[in-house]
Amino acid sequence: MMRVTVTGATGLIGTKLLAALHARGDDVTVLSRDPQRAQAKSNVEALRWDPLQEPAPSAALQGRDAVLHLAGENVAQRWSSSAKRAIKESRELGTGNLLAGLRALPQGSRPAVLVSSSAIGYYGAHREEPLDEEAPPGSDFLAQVCVEWEAHARAALELDMRAVQIRTGVVLDRNGGALAKMLPPFRLGVGGPVAGGRQYVSWIHPDDLLGIMLVALADERWTGAVNGTAPEPVTNSELAAALGRALHRPALLPVPGAALRLLYGEMAQIVTTGVRALPAKPLMLGYQFHYPRIDEALAATLA
C-alpha cells in the first residue's frame, strides 16, 4: 500500500486514477479548491488548496509516499488572452506552489516521488518526424508552457525526490477530450479527416496512461520526461478511418483546417499540425501496453 496525494483528481484522468489507486488499496488524499465536492465525488479524504494563491498544505504532503500532480486549466478551448493566462498560470504557479509546500516540509518527511502531468505539446509542430523524450522543445505557446511546467516539477530533484514528467498524448476516452467531440459527427456518418489528414495523432488508451502513472510511482528507474503515448501513432486520416470502422460508419467527409481555426483560433494548431511522439522510455523500461494499436484501443473504449 502507498500513501498518495493527488491534485486534479476530479478531471477526466483524475477520477479514473483515484479508482485505480483505491482498487489496489492505496491511502489517497486529494487536494482541491472545493474539497467537499471532491470528497463527495471520490469518497477519499480531501483538503482545500488554491494552487494559484498558496503553497500546498503540509497536512496533505508530510509523511506521504508519493504525489501525483494532474491539476491544470483545460487546454482544449479557444485561446483568448484570459484562457492563455489561465492555462499558463495553472501550470506554472500551481506547480510552483506545490513545490513550495514540499519545500516547507522537514527533511525526511517528504514524499519519495513527484509524478507530474505534462503534454506532448512540449515538442511543438514536427510534422512526420518521430520524436522520443530526448527531442527538443518547440517554440509555440503550448510548448513554452510545457517547458516551464516541467522545470517547476523538476525542482523536486533539489529536495532529494524522484521526479517524473508524463507528456500525455490524445487520450481516447468516449466521455471527454478529443474523442468525445469526434463521436457525434462520426456516429451520424459525417465524420472524416481534419486539415488534409496527414498530420500525426499521438494517442493513448486511458488504461495505458493509468498504467504508466502507476508504474512511475513505484519503479525507481522511472525518472525525467516520459512520453505517455501508444507505440504506434497514426495520421489523422488513419484515426478517422479506424473510428469509422469501430462505429460501422463512413469516415470520408473532410474537415477543412480553416473551419477549425475559425472555431478555436490559435488552439487549432494542435490538431492541424500534430506530433508523432514515441514512448521510447516506457518501452525501454519494459512497460507492456494493453492497447498498442488504434483499432483495438477504439474497440475497447467504445465497447
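The values are calculated or read from the model by the stated rules, or taken from the named source; none is laboratory data. Predicted, not measured: the structure shown is a model, and the values here were computed from it. All Cβ positions, glycine included, derive from the backbone under ideal geometry; neighbour counts span all protein chains shown. All accessible areas refer to the heavy atoms of the entire protein, side chains included, with ligands and DNA or RNA removed. Shrake-Rupley method; radii C 1.70, N 1.55, O 1.52, S 1.80 Å.
A compact table of results
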{"item": "Eligible lysines near K84 by straight Cα distance, threshold 29 Å, same-chain separation 8 or greater", "result": "K16, K41, K181"}
{"item": "Probe 1.4 Å, protein heavy atoms only - accessible area per residue of the chain in square angstrom", "result": "44 Å²"}
{"item": "For segment 69-75, Karplus couplings with θ = phi - 60° (6.51, -1.76, 1.60), whole Hz, Gly/Pro x", "result": "10, 10, 5, x, 4, 4, 7"}
{"item": "Degrees between helix 206-218 axis and first principal axis of the chain (Cα, 0 to 90, nearest 10)", "result": "30 degrees"}
{"item": "Distant-in-sequence amide H partners of T168 (H built 1.01 Å from N, under 5 Å)", "result": "S118, A119, I120, G228"}
{"item": "Between helix 81-103 and the chain: long-axis angle, C-alpha atoms, 0 to 90°, nearest 10", "result": "30 degrees"}
{"item": "Burial order of peptide ranges 189-196, 161-168, 39-46 (average beta-carbon count within 10 Å, highest first)", "result": "161-168, 189-196, 39-46"}
{"item": "Interchain or long-range residues, amide H under 5 Å from N74's placed H", "result": "none"}
{"item": "Relative contact order of segment 17-160, defined on C-alpha pairs under 8 angstrom at six or more residues apart (%)", "result": "21 percent"}
{"item": "Residues of segment 1-35 with amide N under 14 Å of the 7 Å Cα→Cβ point at E45", "result": "2-6, 26-32"}
{"item": "Share of carbon and sulfur in the accessible heavy-atom surface of segment 168-303 [1.4 Å probe, %]", "result": "60 percent"}
{"item": "For the chain: Kirkwood Rh in Å [reciprocal of mean 1/r, alpha carbons]", "result": "19.7 Å"}
{"item": "Nitroxide proxy distance, nm - points 7 Å out along Cα→Cβ at H22 and L262", "result": "4.4 nm"}
{"item": "Long-range amide H partners of A195 with built H, under 5 Å", "result": "V255, G257"}
{"item": "Percent RCO, i.e. relative contact order, over segment 30-109, from Cα pairs under 8 Å lying at least 6 residues apart", "result": "33 percent"}
{"item": "Among G274, G265, G72, residue whose mean-square fluctuation peaks in a GNM of the chain (springs only between Cα atoms under 10 Å)", "result": "G265"}
{"item": "Whole-angstrom gap from segment 222-243 to segment 70-136, using each part's C-alpha centre", "result": "20 Å"}
{"item": "Point-to-point label distance, D65-A218, nm (Cα→Cβ direction, 7 Å offset)", "result": "0.8 nm"}
{"item": "Difference of contour (0.36 nm per residue) and Cα-Cα distance, R249 to E134", "result": "37.5 nm"}
{"item": "On Cα atoms only, tilt of 141-154 relative to the major axis of the chain in degrees", "result": "30 degrees"}
{"item": "Segment 221-238 - phi-based ³J(HN,Hα) in whole Hz, Karplus 6.51/-1.76/1.60, Gly and Pro as x", "result": "6, 7, 9, x, 6, 9, 6, x, 9, 6, x, 10, x, 10, 6, 4, 5, 5"}
{"item": "Per DSSP, loop trypsin sites (Lys or Arg not before Pro) in segment 190-251 with at most 14 further Cβ within 10 Å", "result": "R198, R221"}
{"item": "Segment 244-249 - phi-based ³J(HN,Hα) in whole Hz, Karplus 6.51/-1.76/1.60, Gly and Pro as x", "result": "x, 4, 5, 9, 6, 10"}
